[in-house]
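Input: a single structure, listed below in structure tokens.
The values are calculated or read from the model by the stated rules, or taken from the named source; none is laboratory data. In this text the structure is predicted, and so the values were computed from the model without any measurement. Backbone-built Cβ (ideal geometry, glycine too); neighbour counts: all protein chains shown.
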Amino acid sequence: MFKDMEIRIESGERVRDVLPLIAGEGELYLVYDSEVAPWAGEIAGAARAAIAIEASEENKSMDTVLSICRQLMEAGASRKALVLAVGGGITTDMAGFAASIYKRGIRYANLPTTLLAQVDAAVGGKTGVNLDDYKNMLGVIVQPVFTFLTPEVLKTLPERELCSGAAELLKTFLIGDAAAYGEAVRVLREGRDLGKLILRAASIKADIVRRDPFEHGERRVLNLGHSFAHALEHEARLREDDLSHGEAVGIGILLAARLSERLGLAETGLEERLRADFVAAGLRTDCPYPLECLAAPMAKDKKAADGTVHFILPVRPGEVIIRALTPAEAVRALIA
Ligand SMILES: NC(=O)c1ccc[n+]([C@@H]2O[C@H](COP(=O)([O-])OP(=O)(O)OC[C@H]3O[C@@H](n4cnc5c(N)ncnc54)[C@H](O)[C@@H]3O)[C@@H](O)[C@H]2O)c1
Ligand SMILES: [Zn+2]
């Protein structure tokens with residue numbers, strides 16, 4: 001009965017270490033980002049067919065999902081098939097969605113190739129696509145049979161993508177593990193291997209999702225920094241600025257810390273302390289837009305209910321609380 005809430009995180013040194021996990025699969029289909037073709041190539045021999053996609057937000061659409069489904073059908077995929085997604089969050093979101101609707105649902109698994117997807121997108125079962133300009137408007141929550149984490153794939157990941165993932169990594173530790181937060185800041189500052197920290201962040205997220213898979217309560221904490229981040233991303237799109245999701249999340253967390261201080265919830269100096277950490281870790285920390293711009297897009301965010309937004313507010317590293325405020329109240333408190 002609780003089968004859908006099983007969340008399995010596996011790991012290995014190398015991409016090829018996933019092979020034992022898929023050894024018994026008679027019908028394996030890879031759905032991979034063409035950008036990571038060499039990584040997918042390492043395990044392509046185990047698959048019946050490999051379906052390449054181009055990972056961009058414009059392509060993160062029903063058209064691409066339909067094309068994946070069509071290729072599965074043409075290859076003769078039955079209900080026993082397993083889809084293995086190899087790529088970043090765009091790929092795992094779309095492959096998982098395609099699998100979840102193909103023949104009313106076949107199994108899928110994830111082999112995330114970005115830091116962001118390893119600690120966030122490929123864990124937790126949210127799948128989906130954009131609808132016109134609205135991000136992740138269509139989708140379902142279905143857990144993958146496993147998520148396989150390997151640091152090997154990060155060797156080819158561009159620095160900016162790494163920083164983007166680092167923001168989500170620090171976010172997870174700010175929510176649930178103060179010691180890991182401190183360690184992650186040090187490791188990022190020294191440019192060392194993130195290895196075990198990636199696994200730790202993925203398991204913290206998995207634990208939260210296990211307790212609240214459909215985001216009725218606790219899972220909301222994973223949105224730390226995201227109400228502000230989505231508003232910043234909205235503003236960036238209007239101005240045609242180049243601001244990545246991870247960059248927006250880093251800045252969003254700092255705004256959440258400031259709000260938390262202004263409301264008397266956080267220890268004083270938290271924002272400045274986090275800012276120093278984020279700078280050391282190589283994250284972007286300057287808010288590029290006037291705070292007044294943020295209220296309107298926050299009110300439109302799909303997570304806003306009855307005019308209020310559930311703001312996730314850090315109290316200290318490892319501890320957050322949830323407060324419902326209207327976006328206007330939040331912005332007023334920030335500016336005051
Ligand atoms: N399902 C969820 O819970 C969840 C959570 C967070 C984000 N997301 C979604 O994830 C997406 C963002 O994920 P992302 O940052 O992984 O994006 P992505 O899939 O676009 O990957 C980022 C870029 O890196 C490239 N790339 C991927 N792996 C690489 C590698 N190993 N080496 C070199 N290049 C590589 C990709 O081609 C792409 O250009 C968004 O669409 C977001 O909505 C989903
Ligand atoms: Zn995010």
Notebook entry, point to check: Using beta carbons and a limit of 6 Å, which pairs, at least six apart or on different chains, have the first residue in the range 112-133 and near ligand 1 (Cβ under 8 Å from one of its atoms) and the second one of a type in the set (Asp, Glu) and part of a helix (DSSP H, G or I)?
Noted result: THR114/GLU161; LEU116/GLU168; ASP120/GLU168; THR127/ASP93; GLY128/ASP93
Notebook entry, point to check: Of the residues that sit in the range 293-323 and are at pLDDT below 95 and acidic (Asp, Glu), which one is nearest to the chain's Cα centre (by Cα)?
Noted result: ASP301
Item checked: Count - residues of the range 35-58 that are surrounded by fewer than 16 Cβ atoms within 10 Å (Cβ to Cβ), within 21 Å of HIS245 (Cβ to Cβ) and away from ligand 2 (no atom under 16 Å from the Cβ) -> 3
Check: Do you know which residues across the range 268-278 are free of Cβ contacts under 8 Å to residues at least 40 places away in the same chain and part of a helix (DSSP H, G or I)?
Finding: GLU271, GLU272, ARG273, ARG275, ALA276
Next item on the list: Only residues that are surrounded by fewer than 16 Cβ atoms within 10 Å (Cβ to Cβ) and assigned to a helix (DSSP H, G or I): list them for the range 279-292, please.
Entry: VAL279, ALA280, GLU292
Check: Filter the range 189-199 for residues that are in a helix (DSSP H, G or I) and touching a residue at least 24 places away in the same chain (Cβ under 8 Å); which is farthest from GLY176 (Cα to Cα)?
Finding: ARG189
Check: So which of ASP93, ASP120 ends up being within 16 Å of ligand 2 (Cβ to nearest atom), touching an Asp or Glu at 6+ places or on another chain (Cβ under 6 Å), of a type outside the set (Val, Ile, Thr) and assigned by TED's automatic domain parsing to the domain that holds ILE22?
Finding: ASP120
Next item on the list: Kindly check whether there is at least one residue in the range 127-148 that is more than 13 Å from ligand 2 (Cβ to nearest atom) and either in the same structural domain as HIS234 (by TED's automatic domain parsing) or of a type in the set (D, E, K, R) (or both).
Entry: yes
Checklist line | Lone unmet requirement of (1) outside any loop (DSSP other than H, G, I, E, B); (2) more than 16 Å from ligand 1 (Cβ to nearest atom) for LEU265 | finding: (1)
Next item on the list: Hey, can you tell me all the residues within the range 216-248 that are outside any helix (DSSP H, G or I), away from ligand 1 (no atom under 12 Å from the Cβ) and either farther than 23 Å from SER260 by Cα or modelled with pLDDT under 95 (or both)?
Entry: HIS216, GLY217, GLU240, ASP241, ASP242, LEU243
Next item on the list: Output the strands (runs of 3 or more DSSP E) that fall wholly within the range 1-98 and possess 2 or more residues being touching a residue at least 24 places away in the same chain (Cβ under 8 Å) and within 14 Å of ligand 1 (Cβ to nearest atom), or say none.
Entry: 28-33, 82-87
Checklist line | The one condition in (1) at pLDDT below 95; (2) in contact with a strand residue (DSSP E or B) (Cβ under 9 Å, 6 or more places away or on another chain) that LEU149 fails to fulfil | finding: (1)
Next item on the list: Starting from the range 221-235, keep only residues that are under 15 Å from CYS287 (Cβ atoms) and among the polar types (S, T, N, Q), then list their pairs with residues that are more than 14 Å from ligand 1 (Cβ to nearest atom) and assigned to a helix (DSSP H, G or I) whose Cβ atoms are within a distance under 7 Å, requiring at least 6 positions of separation or different chains.
Entry: SER227/MET298
